[in-house]
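Okay, structure first, notes after.
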Amino acid sequence: MPNYVTSVGMEVHAELSTKSKMFCRCQVAFGGEPNTRTCPVCLALPGSLPVPNREAIEMVIKTALALNCKIGGTKEESIFHRKNYFYPDIPKGFQTTQYGEENPFGYHGYLEIPTPDGGTKRIGIRRIHLEEDTGKLMHLPSGGSGIDYNRAGTPLMEIVTDFPPDIHNGEEAKEYLSQLRQILMYLGVCDGKMEEGSLRCEPNISIAPEGSKELGVKSELKNLNSFRSVQMGIAFESRRQEAALENGETLLQETRGWNEQKESSFAMRIKEAENDYRYFPCPDLVPMSFTPEYIEELRANLPELPLAKFQRYTQEYGLSAYDANLLISEREWAYWFEEAIEKGGEPKAICNWMNSDFAKMLNEEGITSRQSKITPDHLVELVKLIEDGTISGKIAKTIFAKAYETGDMPKKLVEASGATQISDTGAIKAQVQAVLDANPDVVAKYKGGNMGVKGFLVGQIMKATQGRANPGIVQQLLDELLSS
Ligand SMILES: [Zn+2]
């Protein structure tokens, strides 16, 4: 029985976050009353002509640049093709897309994914092109079927990995998809909602004996709507194919669906050959080429991407990989952090508050940082109050909770509560002495060698001062008085 190697090619479809559709001015949105966002162009009525959406093209080029691609097709121009097939969800009888290796908007790029040993692995990207989404078939409760064309004509970007594939298991596929999703969201070109279908992934999976130069017969998986299903689906397919080969069966090139509940795949249809689609250049749309100045302008305006942020946060700010990953998980969250740093916040302290108390409160309420009453100014002020010894870390937690609730600035809340930290050595010394006098038995234990009881004494002093005594001074005075 040979050892098998799995190879995974990834096709990712991302609905672009444009305001209008690819070739008409109908609004792009999710859901809504069926067939309310349609017009003669996206319904393909006779005589209607498409006008390309410039913003959609720019979004694809930006993505291609962020994924280290060359731009504009190998023949230095990009064209649209017609992919002909008849199915009720495409009103035109063809899908407008970009076919072949010569003319996608982006080609020959790569994406780096982190590996378990702390390094990175480069996943080659073969092409990135633009097409339009289909409508949706709906199975009605009455038993009939209906078609909703609201989605028809939504700009759809397709990102295809290299051949032969660089991805060899479900974990790598999941990592690739999660990195890609994060980049698309940072670029603001896709909302990344897998559950709403705005980001869809169709991996093709094959296995071959180790050392074999040829890839095995592949199957393509559909209906994967989470990272977990991508990872599990690929693992399932490798096992299924291996078992089939070991049983002497012949594998078919087929499209298979994923059943989330049963955690298994099922045959849907035998894959059509590509030439069934009779591709040809769309006579309604002119070829496009881009000047180097235009490309360079787009490149210069790309935002800092998650991986670069991660490296900057860990190297420049000394944050742990865990903390940095939490901060970059969403663009808005990373920007919030950076705004606080710009306003003079100490990075490690700001990060700790964000990833603990703040994140917890936001999660409980199910809102984002910008929807809350806490601004970067609040946190910067709070951290400064702790740093300069005005309040203790413990009191800061209460102040933060109040600021979260009311939106009041921490300084104002501290003044109103009188909760400033006591750093007056004389005042604290009196409290320490009072606690020692009240607990002679504990003091005796300490002097008898039981150092552990010191924690109890500290607790009593903090209690007597409502947690306001400066902990450093308490420790120092306690040591002094106990050893006298
Ligand atoms: Zn329309």
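Every condition in (1) touching an Asp or Glu at 6+ places or on another chain (Cβ under 7 Å); (2) open to solvent by 70 Å² or more (accessible area, probe 1.4 Å) holds for residue 267 except the one numbered (2).
For segment 7-27, the candidate set comprises residues that are part of a loop (DSSP other than H, G, I, E, B) and more than 10 Å from the ligand (Cβ to nearest atom); within that set, the residue that is nearest to residue 200 (Cα to Cα) is 16. Summed over segment 124-146, residues that are in contact (Cβ under 8 Å) with a residue 60 or more places away in the chain and not charged (D, E, K, R) total 5. Might you check whether a residue that is open to solvent by less than 40 Å² (accessible area, probe 1.4 Å), touching a residue at least 60 places away in the same chain (Cβ under 8 Å) and more than 21 Å from residue 336 (Cβ to Cβ) occurs anywhere in segment 393-411? Yes - at least one qualifying residue is present in segment 393-411.
Taken as a whole, the structure leaves residue 125 outside the set of residues that are within 16 Å of the ligand (Cβ to nearest atom) and either in contact with a His (Cβ under 8 Å, 6 or more places away or on another chain) or in the same structural domain as residue 14 (by TED's automatic domain parsing) (or both). With 211, 170, 188 as the choices, which residue is under 23 Å from residue 257 (Cβ atoms) and either open to solvent by 30 Å² or more (accessible area, probe 1.4 Å) or in contact (Cβ under 8 Å) with a residue 40 or more places away in the chain (or both)? Just one listed residue meets the conditions, 170. Does residue 37 fit the bill of being open to solvent by 60 Å² or more (accessible area, probe 1.4 Å) and within 26 Å of residue 193 (Cα to Cα)? No. Going by the conditions given, is residue 58 of a type outside the set (A, V, I, L, M), open to solvent by 20 Å² or more (accessible area, probe 1.4 Å) and more than 16 Å from the ligand (Cβ to nearest atom)? So residue 58 passes the test. Tell me which residues, restricted to segment 110-123, are closer than 25 Å to residue 198 by Cβ, modelled with pLDDT of 90 or more and either over 20 Å from the mean Cα position of the chain (by Cα) or open to solvent by 50 Å² or more (accessible area, probe 1.4 Å) (or both). Across segment 110-123, the qualifying residues are 110, 112. Selection within segment 427-484: residues that are open to solvent by 70 Å² or more (accessible area, probe 1.4 Å) and of a type in the set (Asp, Glu). The member of this set that is farthest from residue 417 (Cα to Cα) is 441. Annotation: residue 67 fulfils all but one of (1) open to solvent by 30 Å² or more (accessible area, probe 1.4 Å); (2) farther than 25 Å from residue 279 by Cα; the unmet one is (1). So, residue 83, is that one more than 16 Å from the ligand (Cβ to nearest atom), surrounded by 14 or more Cβ atoms within 10 Å (Cβ to Cβ) and not aliphatic (A, V, I, L, M) or not? The answer is yes for residue 83.
Is there a residue in segment 395-408 that is out of contact with any His (no Cβ under 7 Å at 6 or more places or on another chain) and modelled with pLDDT under 90? Checking segment 395-408: at least one residue is out of contact with any His (no Cβ under 7 Å at 6 or more places or on another chain) and modelled with pLDDT under 90. Would you be able to say whether some residue in segment 31-40 is in contact with a helix residue (DSSP H, G or I) (Cβ under 7 Å, 6 or more places away or on another chain), more than 16 Å from the ligand (Cβ to nearest atom) and either in a loop (DSSP other than H, G, I, E, B) or at pLDDT 95 or above (or both)? So far as segment 31-40 goes, no, none of its residues is in contact with a helix residue (DSSP H, G or I) (Cβ under 7 Å, 6 or more places away or on another chain), more than 16 Å from the ligand (Cβ to nearest atom) and either in a loop (DSSP other than H, G, I, E, B) or at pLDDT 95 or above (or both). Note on segment 395-484: enclosed helices (runs of 4 or more DSSP H) holding 2 or more residues that are within 23 Å of residue 353 (Cβ to Cβ) are 410-417, 471-483.
Taking the conditions (1) among the hydroxyl-bearing types (Ser, Thr, Tyr); (2) within 16 Å of the ligand (Cβ to nearest atom); (3) under 31 Å from the mean Cα position of the chain (by Cα) in turn, residue 99 satisfies each one other than (2). Taking the criterion of being acidic (Asp, Glu) and within 19 Å of the chain's Cα centre (by Cα), the residues of segment 303-347 that qualify are 304, 323, 330, 332, 338.
Contact map, segment 40-54: residues that are open to solvent by 40 Å² or more (accessible area, probe 1.4 Å) paired with residues that are away from the ligand (no atom under 11 Å from the Cβ) and of a type outside the set (Gly, Ala, Ser), Cβ distance under 7 Å, separation 6+ or inter-chain. Pairs shown: 49/284; 52/285. Within 20 Å of the chain's Cα centre (by Cα), at pLDDT 95 or above and open to solvent by 50 Å² or more (accessible area, probe 1.4 Å): is that true of residue 181 in this structure? Yes. For segment 136-164, residues that are open to solvent by less than 50 Å² (accessible area, probe 1.4 Å), at pLDDT below 95 and outside any strand (DSSP E or B) total 1. Here is the figure for segment 218-251: residues that are more than 23 Å from the chain's Cα centre (by Cα), part of a loop (DSSP other than H, G, I, E, B), surrounded by 15 or more Cβ atoms within 10 Å (Cβ to Cβ) and not charged (D, E, K, R) total 1.
When residues in segment 278-293 are screened for being outside any loop (DSSP other than H, G, I, E, B) and within 24 Å of residue 99 (Cβ to Cβ), 3 of them pass.
The values are calculated or read from the model by the stated rules, or taken from the named source; none is laboratory data. Since this is a predicted model, take the numbers as computed values, not measurements. Methodologically, a virtual Cβ is constructed for each residue, glycine included, from the backbone with ideal geometry; neighbour enumeration extends over all protein chains shown. All accessible areas refer to the heavy atoms of the entire protein, side chains included, with ligands and DNA or RNA removed. Shrake-Rupley method; radii C 1.70, N 1.55, O 1.52, S 1.80 Å.
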